[in-house]
Amino acid sequence: MPENLRIPAIKVHQWIDTWDSVPYSEELGKYRRKPDQHFYIFSISAIYLKRLSKIYRRTTKERRAFETNIQRKHDSERSMEIARFLKNGFPLSEISNLSFSNENEKYRMPGWLPTSIVANILVTGNKREGYSIEESDCIKLVESENTYYFQLPNKVTAEDWSPEIAPIEIIDGQHRLLSFDEKDPEFTDFELPVVAFLNLDFTWQAYLFYTINIKPKRINKSLAYDLYPLLRTSEWLEGLISEKSIYKEIRAQEIVEILWAYKKGRWCNKINLLGETGNSYNITQGSFVRNITTTFFKSSGLFLGKIIENSTPLSWNRTQQAAFIVYIWEKLFDTIIQTKPNWFMEIRNHLLPLLASAQGNGEDEDINLVLFSRYCLLTTDQGVRGYLSVVHDILLRVFSPNFFINLFQEDIEQRVEEIIKLENVEESLNQLNNNQELDTLMAEICRVIGDFEWRTSSFPNLPDDVVKNQRLFKGSGGYKDLRMQLLNRLSLSGENKIENLAKSLMKE
């Protein structure tokens, strides 16, 4: 008997007395036979496991009440992705039509599959689809002096072995198992961990499948980037795989959600999160995410770039990044409200009848109606991109890396949260507001940008030359035009440091 047909196993006892009160049933059709009080853990050749297994899939041939199979339909694309993962690791597994070269070879990573396949091992007498399992096809559990092993059938070594009833049923892990190509010599010695139950009835198999795949709360993907800052390095995110936006869009979306949810902020409930048409919002979540991604999360951006050569990116966590975006917007809105530039007052005066008819509105709500009206360019896609782009590039050039590294206190910096808490955002905001150096520069930037002509071309009775200029900002080309006009305005600000930086940025 070949040694590799004897699989050492660990017996795991999991049972508590209260489980004895569960309504088990041997009645035909209930499929709730009382299970054993233990299961087994072992490692087995992936090729052997595939030969030993049969995946009984749910069909539409029977009413669900009579359907005993638990597996969902096989998603061949998912198995193909896992196959790519095995060969190339993540993130290359996300790309289906990948061709390798010396340039992209650096992205290759190990494709570990440490999560156990969950399986049921049939015993003599078990029936499936009207057939009984053959004795010679069964896997035998052998116990000797408190050690356990499973004896595999000799037939498993034959590539063409195809039993009528396979001795193993896969409860969870079918896509991982079906991703293996038995003829690929690289997988000859590749093993998979297995958690195996013996003679487990259908109801408990379905119950396991549900609790493994549906019930657990999935970890927030963005959390990984707080735990492992090295995953943020731009070589993972740019070039070949930039289209996958592994980190950037996830983090940017969280920031937009905080802007929308933070009740003390002007953006609260003013972003179209679902992209619905026909509402009064000036900007969708998708547009806001793209604008943050292309500014703060670009390869040289504050949230992603290596601001110190040969280092990891800035180690701000999600709370701090969100607080920073909230901060720069609140500074601009506050400046506009305090200075009341001409464009703001023109929109307000035009909307006065609407403001007067809105019963119960306070001053804050009246201000919001102006800032987020259809006549305000600042809170549209183009306005958001223009402001974020300019303020990001100026701040990054004015302040040293150490300034940003030390901007937040250490205890806040090290906080890792799965869900961003608004009270922690506010705590980080307080630290930003108390930084005199940052506050002084932002006040000057916001004074100039707040005084820009932010009325849209649709505002009634605009002079023809203004209408013509504002129409330049429509479409994808409008991003660049608006950025250049904002930089030009800053280059005439009267503040030497900002003037020089703005002129320099206009030449890039």
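The values are calculated or read from the model by the stated rules, or taken from the named source; none is laboratory data. Given the structure is predicted, the values throughout are model-derived calculations rather than measurements. No Cβ is skipped: glycine too gets one built from the backbone with ideal geometry, and neighbour counts run over all protein chains shown. In case anyone asks, the SASA skips ligands and DNA or RNA and just uses the protein heavy atoms, side chains included. Shrake-Rupley method; radii C 1.70, N 1.55, O 1.52, S 1.80 Å.
Taking amide hydrogens as placed 1.01 Å from N in the peptide plane, the amide H of His38 sits under 5 Å from those of Gln14, each at least 5 positions away in sequence or on another chain. Using the average count of surrounding beta-carbon atoms within 10 Å as a protection proxy, the listed peptides 476-485, 424-433 rank, highest first, as 424-433, 476-485.
For the residue pairs Lys54/Lys127; Lys480/Lys507; Lys263/Lys480; Lys263/Lys331; Lys54/Lys140, the alpha carbons lie more than 23 Å apart in Lys263/Lys480. Distance between the pseudo-spin-label points of Leu198 and Glu159 (7 Å out from Cα toward the beta carbon): 3.5 nm. Highest average first, the peptides 138-151, 81-94, 41-54 ordered by how many other beta carbon atoms sit within 10 Å of their residues are 41-54, 81-94, 138-151. Enclosing the Cα atoms of segment 266-308 in their convex hull gives a volume equal to 74 cubic angstrom per residue. For segment 257-337, the set of trypsin sites (Lys or Arg not before Pro) satisfying both a DSSP loop assignment and a count of at most 15 other C-beta atoms within 10 Å is given as Lys263, Lys264.
Please give the residues of segment 424-466, grouped as numeric ranges, whose backbone N is less than 19 Å from a label point set 7 Å along the Cα-to-Cβ vector of Lys340. Counting only backbone N, you get 447-448, 450-455. In terms of accessible area, using a 1.4 Å probe and ignoring ligands and nucleic acids, Thr440, Thr456 rank largest first as Thr440, Thr456. Using the alpha carbons alone, the radius of gyration of segment 436-508 stands to its Kirkwood radius in an Rg to Rh ratio of 1.03. Modelled spin-label separation between Lys497 and Met80, with each label point placed 7 Å from Cα along the Cα-to-Cβ direction: 5.5 nm.
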